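Asks: Starting off with a structure, shown below.
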Amino acid sequence: MFGSQKVSFRRSRAQSVDSDDETPDSQLHREMDRAQEDYEEDENFEEDSRPIFDSNTILSEDPFGNEDSQKLFESIDKLRKCGAGQDLDLPQLVIVGKQSAGKSSLLQSLTDIPFPVGSRLCTQFAMRIVSRRTSPGSKDKIYASIESGDIDPFSIRDDDSRIKDFGRLVSDFTPETFDDLIEDAKVAMGIKSNGTSEDRNYSSKVLKIELSGPNRSHFGILDLPGVFNAEIGGVSRREKDGVTKMVTSYMNKPENIIICVADASGDIANENILPLARDIDSSRIVGVFTKCDKADPPADIVNHVNNPDAIGGKRRRWYVVQNRPAKAGVSYDREQEEAALFKQDPWLDIPEDQRGTAMLKKYLATLLCRRIRDAFPGMLNMVTKLLDAEKLRRKGMGESRVDHLHKQAYLMKIVDTYRTLALQALRSPTDLEDDEMKLRGLIVDEKLAFERDMKKKGHLYNFLEIGKPQKVHQHLGYLPSDESEVDSDESDPESAHNPTAPEAQQFVAVGSSHPPNLLLIPASKNLHTWKLKRNPLYIEIRAQINANRGEELPGMLNPAVLKPLLRKQTSKWQALGEEYLERLVTMTTDVSLKIFEKACMNVGTTERTRAGLQERLLALAEDSRKEVLQKMRSLCEKNASMALQTDTDDFLRKVRQAQMMRFINALQRYKTSNPLSTFVRSLTKDGSTLATGPENYGDWAVVDEKSIGSLFNEIHYAGDRRENVEDEIHDLLKAYYELALRNFIYDVRHNITEPFLQDSSGPLLGLSTDFVLSLKPEEVDVLGGEDEGVIVGRREADDKIGRLEVAMRIARSPLGEIEV
C-alpha cells in the first residue's frame with residue numbers, strides 16, 4: 001500500500017542535490033519555505049467548499065485514497081516538514097522491536113525499500129519513511145535528508161553543517177544504492193564504523209526518506225534502532241541505555257501508533273520490547289509476529305494472536321506476516337509465499353483480517369488516518385500555547401547585539417526603563433503597582449523613626465524637667481540638708497546613665513522640698529528605706545566646672561564649660577546617625593534591586609547583562625554608603641568644633657522660661673525656710689494679735705532685711721547655694737541642645753538624605769544614560785555582549801518560533817476547521 005512498483009536491481013550511487021535543483025532542501029528554513037508555499041496553495045479553498053469528513057471514506061479500502069484524508073496526511077506532513085514534530089506530538093507510525101526481530105524485513109514489505117536484512121547494527125539511527133501519491137503521469141521521486149529527532153539520549157555534539165548540507169536525490173533505489181545512502185548518512189551524523197569507536201555507534205538524528213509517485217499511497221512510518229539486553233562489542237552501556245531511552249520516548253508519545261515487532265521463531269518471553277509496551281494504551285499498540293514460516297510450533301503463535309490477553313496481560317491486536325529471507329533470490333515472490341503459508345493450518349484459525357502484510361497495511365493506514373483526524377482539531381490550540389510561551393522566552397533573551405552601537409543601545413534601553421521606574425519610586429509612587437518599590441513612603445517612615453530615636457536616645461544624660469513646685473510628703477525617707485550627706489557614688493554606671501531605671505526615681509518637681517539635682521533610690525532591698533543620689537548630669541556639670549576653671553574671679557560664671565558639656569551630651573549623635581544612614585542605604589539599595597529586576601524583565605535582559613549591571617549597582621551603593629557616612633562624620637566634627645552661637649529667639653525664650661521657673665522654685669524654697677507665720681508673729685511682742693490667722697497668708701513670701709540674704713542665696717548663682725550655678729549651666733545647655741538637635745536632624749534629612757536619594761551616582765539613579773555613555777568600549781562589550789549559550793539559545797528560539805508560526809498557519813487553514 002505504500003508503493004506498488006517494484007524497484008529494479010541496477011546499481012546506482014545516490015546523487016547529491018545541486019543548489020539550483022527544485023527538489024526539497026534539507027535545511028530547516030527551506031523546509032519551512034516549502035511548507036509555507038504548500039500552505040498558501042491550500043489557502044485557495046473557499047470556506048463553503050471545505051471538505052467534510054465521512055467515516056465511510058476514511059474506512060474505505062485505501063484510507064488515504066480520498067481527497068479529505070490525503071489533505072489530512074499532507075497537513076501533518078507539512079507540520080513535520082517545518083520541524084513542528086520537535087514541538088508537537090504529531091501522529092505517526094513507529095516500529096520498534098529488539099535487534100534481529102525482523103523489523104527491517106517488515107519495513108521492506110511495507111515500503112518496497114530494499115532495507116539491508118541480517119546485518120549487525122544495521123539500524124543505528126531512526127529512519128522516517130514518508131510515502132505520498134502524486135498526480136497521474138508524474139515521475140517517481142526518492143529524496144533523502146537528515147532532520148533532528150525528538151530526543152537526544154546520547155548527548156553527542158554533532159556537526160550540524162554536515163547534516164544541513166546532506167541531501168540526496170535517488171533515481172533508482174537498489175540494495176546497493178540504499179547501502180550507499182546509509183553509509184553517507186552515518187558519515188554526516190558522525191557515526192564511526194561498526195565496533196571501532198565506543199560511544200559513536202548511534203545518533204539521535206533521523207534519516208528521512210520521501211517516496212512520491214502516482215502509484216504510491218499516503219503513508220508514513222518511523223523505524224527506530226532495535227533494543228538489546230546484552231552489551232555488544234564496541235557499544236558502551238551508555239549507548240545501550242540511550243537506545244532504550246530513545247525507543248521508550250517515542251513509544252510514550254500519546255499520538256504515536258506503536259508497531260511492536262516480535263520474532264515468531266524464538267521464545268516470546270525473550271522479546272524485551274514487550275515489557276516496554278506494558279503501560280501503553282492498547283488502542284495505539286499493534287503487535288506483529290515476523291518470521292512466521294520458522295515458527296516452531298506455529299500453534300503457539302496462533303494462540304497468542306487469538307488470545308489478545310496472553311502477552312503482558314493486556315489486550316493487544318496482533319498480526320502475522322511472512323518476511324523476505326535475507327538470501328532470497330531475484331525470483332522470490334514474498335507475497336505469493338506469504339499467501340501460501342497462511343492458507344495452511346493452524347494459521348487458518350487466525351481471522352483473515354489479521355493474516356498477511358496487506359491486511360496489516362490496511363489496518364495501519366486506517367488507524368493512522370483516524371489518529372490524524374482526531375488530533376488535528378486540537379493542534380491549533382496547542383501551537384498557540386507553545387508559540388506564546390516561546391515568544392515570551394525569546395523576549396527574555398533580548399535582541400542580537402553584533403557591534404558596539406547595538407550593545408550600547410541595548411544597555412540604554414535597560415537603564416532608561418530602570419530610571420523611569422526609579423523616578424516613579426521617588427516622585428510618583430502611585431504610578432507603581434508594587435508597594436515594595438514605593439521608596440518615598442519608606443523613606444518618610446525611616447526619617448520619622450530617626451527623629452524619634454534622636455529625641456529619645458540622642459542625649460548622654462537626661463535633662464531635668466523644670467516644673468512648678470509640688471508637695472512631697474515626708475514618708476519618702478530622710479532628707480539630708482547637708483550636701484555632704486548625699487551619696488554621690490558613681491560606681492553604678494547603669495543608674496548614672498539611665499536615671500529612669502526601675503530602682504531610681506527622679507524628682508519631678510525641682511522646686512520640691514528635696515534638692516532638685518538628686519535621685520531617690522532604694523538604700524537596700526527593703527524598698528521602704530531610701531537614700532538620695534545626685535543626678536548624673538549634675539555630677540558631670542560640677543566635674544566640668546572644676547576641670548575648666550580659668551582666670552574667672554570667684555563668683556563669676558564660666559560659660560566655657562558649655563562646650564565640653566555639649567560634646568559629652570551629643571556624643572551619641574554620630575552613632576545614631578550612622579545607624580540611620582546604614583538603614584537608609586540598605587533600604588534604597590533593596591528597592592533599587594527590585595526596580596532593576598522589574599526593568600530587566602520588561603526589557604528582556606540576558607543573565608550576563610543582568611549580573612554585570614547588578615554588580616555595578618551594588619558598587620554604586622557601596623560608594624554612596626561610604627560617602628554619606630563620611631558626610632555624617634564631617635557634620636558631627638563640625639558641630640563639635642564650632643563655637644556655640646545662635647541668632648534665634650528660641651534660645652532666649654527657652655532660657656528665660658527656665659529662669660522664670662527657677663525663680664518660682666527658689667521663692668518656694670525661701671518660703672519653706674522663712675515661713676510667713678514667723679514673720680507675722682515677729683510683729684507683736686507676745687504674738688497673740690495674729691496668732692490665729694497665719695494660714696490665711698500661705699501664698700505670701702515676705703522678705704525683710706533679716707531674710708534678704710536667704711532669698712539671694714536661693715536665687716543667684718553667686719549665692720551660698722552652689723546648685724544655682726549648676727542649674728544655670730543646666731538650663732543654658734538644655735536650651736542650646738534642643739536647638740542643636742533640631743538643626744542636626746534637619747541637616748541629616750535635608751543635606752545628607754535627600755542628596756543621597758537624588759545623587760546621579762547613587763544606587764537609585766546611578767544607572768542612567770550618562771552611566772552608559774561613560775563606559776569604556778571594553779566595558780560595553782562585557783556588559784552588553786552575549787555568551788555563546790545565549791547566541792545559540794536565541795537562534796534555537798528563533799528557529800522554534802519560525803516553525804511554530806508556520807505550524808500556526810497550517811493549523812489555521814480550512815482543513816483545520818473540518819467538522820469531525
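The values are calculated or read from the model by the stated rules, or taken from the named source; none is laboratory data. Note that the structure is predicted; figures quoted are calculated from it, not measured. For neighbour counting, all protein chains shown are included, and Cβ atoms are generated from backbone atoms with ideal geometry for every residue, glycine included.
Asks: Taking the stretch 628-650 as the region of interest, how many residues are in contact (Cβ under 8 Å) with a residue 60 or more places away in the chain and crowded, with 17+ Cβ neighbours inside 10 Å?
Replies: Total satisfying the criteria: 6.
Asks: Could you tell me which numbered condition I129 fails, if it satisfies all but one of (1) at pLDDT 75 or above; (2) closer than 30 Å to E335 by Cβ; (3) part of a loop (DSSP other than H, G, I, E, B)?
Replies: (3)
Asks: Hey, another quick one. Would you say R812 is surrounded by fewer than 17 Cβ atoms within 10 Å (Cβ to Cβ), over 16 Å from L620 (Cα atoms), at pLDDT below 95 and not hydroxyl-bearing (S, T, Y)?
Replies: When the stated conditions are applied, R812 passes them.
Asks: Step by step: first the residues of the stretch 79-122, then only those that are modelled with pLDDT of 80 or more and charged (D, E, K, R), then the one that is surrounded by the fewest Cβ atoms within 10 Å (Cβ to Cβ). Which residue is that?
Replies: Going through the qualifying residues, I end up with K98.
Asks: Here's something else I'd like to know. Could you tell me whether any residue of the stretch 399-412 is closer than 28 Å to S813 by Cα, buried (at least 18 other Cβ atoms within 10 Å of the Cβ) and modelled with pLDDT under 90?
Replies: No, the stretch 399-412 contains no residue that is closer than 28 Å to S813 by Cα, buried (at least 18 other Cβ atoms within 10 Å of the Cβ) and modelled with pLDDT under 90.
Asks: Taking A365 and the conditions (1) surrounded by 18 or more Cβ atoms within 10 Å (Cβ to Cβ); (2) out of contact with any helix residue (DSSP H, G or I) (no Cβ under 8 Å at 6 or more places or on another chain); (3) modelled with pLDDT of 85 or more, which numbered condition does it fall short on, given that it satisfies the others?
Replies: (3)
Asks: Follow-up. Filter the stretch 583-613 down to the residues that are surrounded by 17 or more Cβ atoms within 10 Å (Cβ to Cβ) and polar (S, T, N, Q) and list them by number.
Replies: Result: T588, T589, S592, T605, T606, T609.
Asks: Shifting gears a bit: Show the residue pairs meeting these rules: Cβ distance below 9 Å; 6+ apart or different chains; first residue within the stretch 359-370 and over 18 Å from D89 (Cα atoms) and assigned to a helix (DSSP H, G or I); second residue among the acidic types (D, E) and at pLDDT 85 or above.
Replies: M359/E352; M359/D353; K362/D353; Y363/D353
Asks: Can you say whether L783 is over 30 Å from E67 (Cα atoms) and surrounded by fewer than 18 Cβ atoms within 10 Å (Cβ to Cβ), as far as the supplied structure shows?
Replies: Spelling it out, it is not the case that L783 is over 30 Å from E67 (Cα atoms) and surrounded by fewer than 18 Cβ atoms within 10 Å (Cβ to Cβ).
Asks: Continuing with the same structure: Quick check on my filter: what residues within the stretch 258-279 are more than 12 Å from G97 (Cα to Cα) and surrounded by 20 or more Cβ atoms within 10 Å (Cβ to Cβ)?
Replies: Result: A264, single match.
Asks: Here's another thing I want to ask about it. Determine the pairs where a residue that is more than 10 Å from G784 (Cα to Cα), located within the stretch 407-422, has a partner that is surrounded by fewer than 24 Cβ atoms within 10 Å (Cβ to Cβ) and among the small types (G, A, S) with Cβ atoms under 7 Å apart, the partner being 6 or more residues away or on another chain.
Replies: From residues that are more than 10 Å from G784 (Cα to Cα), the pairs are I414/A599; V415/S768; T417/A599; Y418/A599; R419/S768; L421/A599.
Asks: Here's another thing I want to ask about it. I want to confirm something. Restricting to the stretch 181-198 and keeping residues that are surrounded by fewer than 15 Cβ atoms within 10 Å (Cβ to Cβ) and small (G, A, S), which single residue is modelled with the highest pLDDT?
Replies: Step by step, filter the stretch 181-198, then rank; the result is S193.
Asks: Of all residues in the stretch 653-678, which are within 16 Å of R742 (Cα to Cα) and free of Cβ contacts under 8 Å to residues at least 40 places away in the same chain?
Replies: Scanning the stretch 653-678 gives a single hit, R653.
Asks: Specify the residue that is surrounded by the fewest Cβ atoms within 10 Å (Cβ to Cβ); the eligible residues are those in the stretch 199-243 that are among the polar types (S, T, N, Q) and modelled with pLDDT of 75 or more.
Replies: Residue satisfying both the conditions and the ranking: N215.
Asks: Taking the residues in the stretch 137-179 that are aromatic (F, W, Y) and within 26 Å of L88 (Cα to Cα) as candidates, determine which candidate is modelled with the lowest pLDDT.
Replies: Filtering the stretch 137-179 for residues that are aromatic (F, W, Y) and within 26 Å of L88 (Cα to Cα), the one modelled with the lowest pLDDT comes out as F154.
Asks: So the check is Cβ under 7 Å with 6+ separation or different chains; which pairs have a first residue in the stretch 780-793 that's on the phi < 0 side of the Ramachandran plot and a second one that's small (G, A, S)?
Replies: Close Cβ pairs (under 7 Å, with a partner that is small (G, A, S)) amount to V782/G612; L783/G612.
Asks: Looking only at the stretch 752-790, count every residue that is in a loop (DSSP other than H, G, I, E, B) and either within 26 Å of T588 (Cα to Cα) or small (G, A, S) (or both) and tell me the total.
Replies: 13
Asks: Got a sec? Which of R394, R440, R401 is basic (K, R), more than 30 Å from F289 (Cα to Cα) and not in a helix (DSSP H, G or I)?
Replies: Answer to the selection: R401.
Asks: Can I ask one more? Looking for something part of a helix (DSSP H, G or I), aromatic (F, W, Y), surrounded by fewer than 17 Cβ atoms within 10 Å (Cβ to Cβ) and out of contact with any Pro (no Cβ under 7 Å at 6 or more places or on another chain) - is there at least one such residue anywhere in the stretch 730-750?
Replies: Yes, the stretch 730-750 contains a residue that is part of a helix (DSSP H, G or I), aromatic (F, W, Y), surrounded by fewer than 17 Cβ atoms within 10 Å (Cβ to Cβ) and out of contact with any Pro (no Cβ under 7 Å at 6 or more places or on another chain).
Asks: Let me ask you something else. State the number of residues belonging to the stretch 377-397 that are of a type outside the set (K, R) and out of contact with any helix residue (DSSP H, G or I) (no Cβ under 6 Å at 6 or more places or on another chain).
Replies: Going through the stretch 377-397 one residue at a time, the tally reaches 9.
Asks: Would you point out which residue out of D453, D445, D416 is assigned to a helix (DSSP H, G or I), farther than 30 Å from Q569 by Cβ and of a type in the set (D, E)?
Replies: It is D416.
Asks: Mind listing whichever residues of the stretch 199-215 are part of a loop (DSSP other than H, G, I, E, B) and more than 30 Å from D241 (Cβ to Cβ)?
Replies: Residues satisfying the conditions are P214, N215.
Asks: For the stretch 241-260, indicate whether the set of residues that are in contact with a Ser or Thr (Cβ under 6 Å, 6 or more places away or on another chain), within 21 Å of Y363 (Cβ to Cβ) and not basic (K, R) is non-empty.
Replies: Checking the stretch 241-260: not a single residue is in contact with a Ser or Thr (Cβ under 6 Å, 6 or more places away or on another chain), within 21 Å of Y363 (Cβ to Cβ) and not basic (K, R).
Asks: Sticking with this structure for a sec: If a residue has to be within 60 Å of the chain's Cα centre (by Cα) and of a type outside the set (A, V, I, L, M, F, W, C) to count, how many in the stretch 341-368 make the cut?
Replies: Adding up the residues that qualify gives 10.
Asks: With respect to L421, determine if the residue is at pLDDT 90 or above, touching a Leu at 6+ places or on another chain (Cβ under 9 Å) and more than 30 Å from S774 (Cα to Cα).
Replies: When the stated conditions are applied, L421 does not pass them.
Asks: Please go through the stretch 252-273 and pick out each residue that is touching a strand residue (DSSP E or B) at 6+ places or on another chain (Cβ under 7 Å) and within 17 Å of W318 (Cβ to Cβ).
Replies: I257, I258, I259, C260, V261, A262, D263, A264, I268, E271, I273
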